[in-house]
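Colleague: Below is one structure. I have some questions about it.
Each value in this text was obtained by applying a stated rule to the coordinates, not by laboratory testing. Just so it is clear, the model here is predicted, and its values are computed rather than measured. With ideal geometry, Cβ positions are generated from the backbone for all residues, glycine too; neighbour counts draw on all protein chains shown.
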Amino acid sequence: MLQHAYEILHRADFAPCTLGDSCLQSPKCHPRFTPAPNAHLHVIDSYCVMLFNQSELLGHMPTLAVTPRTDADKPDFILASDSKRLPGPDVIGNGGRIWSDLHPVRVLSVWRFVEACMLLLQRSRLYRSYWMSHLCYIALYVDENKDVFDDNDLKPVHKAAFDVLRSGKGHPLDILETPQSEV
Ligand SMILES: [Zn+2]
């Protein structure tokens, strides 16, 4: 799958890396506290598209399809241009969904993203601050955009951990590392 994705992006004119070990995405230079991609292509200069093996980040999910469904009631993926599930830009024109006339881009739905970050937070001590920063960002995002997410879509343990984070009353690991029978 990763090789397939790489080839598709290459055919779409994303540039293969020519920087070798001096590239920030190379195993030698990649920042230590963020996961290094298994492959990458360059968009402009050091701005890259990073590719990861599914088994390393989303191993809990079924094998990814090339074009996953985005129309289920509780989808694993949504279109990045979905006007029903994603907000438009903020008052100064930043953020929000992408334009619908661009090539369709599928992204994890909010509940799947939260679930993935929770599982990765539990699994990796080295990258804990990295996954926590994602969870903090998404907590702010769902508080500002009430319609994008129903926390009842999460498993009870992840819902409880996300509630702790959003309330500021503890760390998600306080819940995630508690034996589930006690939650
Ligand atoms: Zn590179």
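Colleague: Quick one: helix 2-11 against the long Cα principal axis of the chain, what's the angle to the nearest 10°, folded into 0 to 90?
Modeller: On a 0 to 90 degree scale, this one is about 50.
Colleague: How large is the Rg to Rh ratio of segment 77-182 when both quantities use alpha carbon positions and Rh follows Kirkwood?
Modeller: 1.01
Colleague: Quick check: pseudo-label points 7 Å beyond the Cα along Cα→Cβ at Val43 and Arg128, how many nm apart are they?
Modeller: Taking the simple label geometry, Val43 and Arg128 are separated by 3.2 nm.
Colleague: So how much slack lies between Ala65 and Asp143, counting 0.36 nm per residue of separation and subtracting their Cα-Cα distance, in nm?
Modeller: Roughly 25.0 nm would be gained on extension.
Colleague: Just grab the label-to-label distance for His171 and His30, each label 7 Å out from Cα along the Cβ direction, in nm (one decimal).
Modeller: With each label point 7 Å from Cα toward Cβ, the separation is 2.5 nm.
Colleague: Post the alpha-carbon centroid distance, segment 145-164 to segment 55-99, in whole angstrom.
Modeller: Taking the Cα centre of each part, segment 145-164 and segment 55-99 sit 16 Å apart.
Colleague: Right, another one. Anything over 27 Å Cα to Cα? Flag those among Lys146/Lys169; Lys28/Lys169; Lys84/Lys155, in the order listed.
Modeller: In this structure, Lys28/Lys169 lie more than 27 Å apart at Cα.
Colleague: Moving on. Calculate for the chain the 222 nm mean residue ellipticity that helices alone would give, adding -39,500 (n - 2.57) per DSSP H run of length 4 or more and normalising by residue count, nearest 500 deg cm²/dmol.
Modeller: Estimated from H runs of four or more residues: -10000 deg cm²/dmol.
Colleague: May I ask you to order 149-161, 45-57 by the average number of other C-beta atoms within 10 Å around their residues, highest value first?
Modeller: 149-161, 45-57
Colleague: Order the peptides 8-19, 71-82 from the highest to the lowest mean number of other Cβ atoms within 10 Å of their residues.
Modeller: 71-82, 8-19
Colleague: Can you give me the three principal axis dimensions of segment 2-68 from its C-alpha atoms, in Å, biggest first?
Modeller: Rounded to whole Å, the extents work out to 35, 30, 15 Å.
Colleague: To continue, here is another question. Give the order of Thr178, Thr63 when sorted by the count of other beta carbons within 10 angstrom, beginning with the fewest.
Modeller: Fewest-to-most ranking of Thr178, Thr63: Thr63, Thr178.
Colleague: Here is a further query. To the nearest 20 debye, what charge dipole does segment 38-148 have about its Cα centre, counting +1 at the Cβ of each Lys and Arg and -1 at the Cβ of each Asp and Glu?
Modeller: Charge dipole of segment 38-148: 320 debye, to the nearest 20.
Colleague: Against the longest principal axis of the chain, how steep is helix 110-123, in degrees 0 to 90 to the nearest 10, with axes from Cα atoms?
Modeller: 90 degrees
Colleague: Shifting gears a bit: Under a Cβ-Cβ cut-off of 14 Å, what is the net charge of the residues other than Ala36 that fall near it, where Lys and Arg count +1 and Asp and Glu count -1?
Modeller: Once positives and negatives cancel, what remains is 0.
Colleague: In µm²/s, what is D for the chain at 25 °C and 0.890 mPa s, where D = kT/(6 pi eta Rh) by Stokes-Einstein and Rh is the Kirkwood radius from Cα pairs?
Modeller: 135 µm²/s
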